[in-house]
1. How many residues does region 52-80 hold that are of a type in the set (S, T, N, Q) and modelled with pLDDT of 70 or more?
2. Scan region 29-41 for residues that are surrounded by 15 or more Cβ atoms within 10 Å (Cβ to Cβ) and either at pLDDT below 80 or of a type outside the set (A, V, I, L, M, F, W, C) (or both) and jot them down.
3. If you go through region 3-28 one residue at a time, how many are in a loop (DSSP other than H, G, I, E, B) and at pLDDT below 75?
Amino acid sequence: MTESQLAISNQVCALARTLLIVEDDKPFLQRLSRAMEGRGFEVIIADSVAGGLSHIEQLGGTRSLGPAGCIGDALLSQNVFRAC
């Protein structure tokens, strides 16, 4: 396996345990984030739809390269769920 293939493989494995949490209630966002980290997930948090979409774009912007899952306030994050 070449060095670039290994780097891509490592990135894919890391993303498989990545959750994006979109929630505007900051205390709940922090509690949920800590709970998911305690279960072994790499957690990305956003307190707005724009923030969530920005994180998805930074991760590659596609379902195959985005976070493994999204958790959030259903009313706040409908657009983010479509992108995940």
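The values are calculated or read from the model by the stated rules, or taken from the named source; none is laboratory data. Here the structure is a predicted model, which means the values were calculated and not measured. All Cβ positions, even for glycine, are placed from backbone atoms using ideal geometry, and neighbour counts span all protein chains on display.
1. Start the filter on region 52-80 by keeping residues that are of a type in the set (S, T, N, Q), which leaves 54, 58, 62, 64, 77-79.
Pick out the ones that are also modelled with pLDDT of 70 or more and you get 54, 58.
Counting residues in region 52-80 that are of a type in the set (S, T, N, Q) and modelled with pLDDT of 70 or more gives 2.
2. Within region 29-41, the first condition is being surrounded by 15 or more Cβ atoms within 10 Å (Cβ to Cβ), and the residues that meet it are 29, 32-33, 36, 41.
Residue satisfying the conditions is SER33 alone.
3. Keep residues of region 3-28 that are in a loop (DSSP other than H, G, I, E, B), which gives 16-17, 23-25.
Now drop any that are not at pLDDT below 75, which leaves 16.
Matching residues across region 3-28 total 1.
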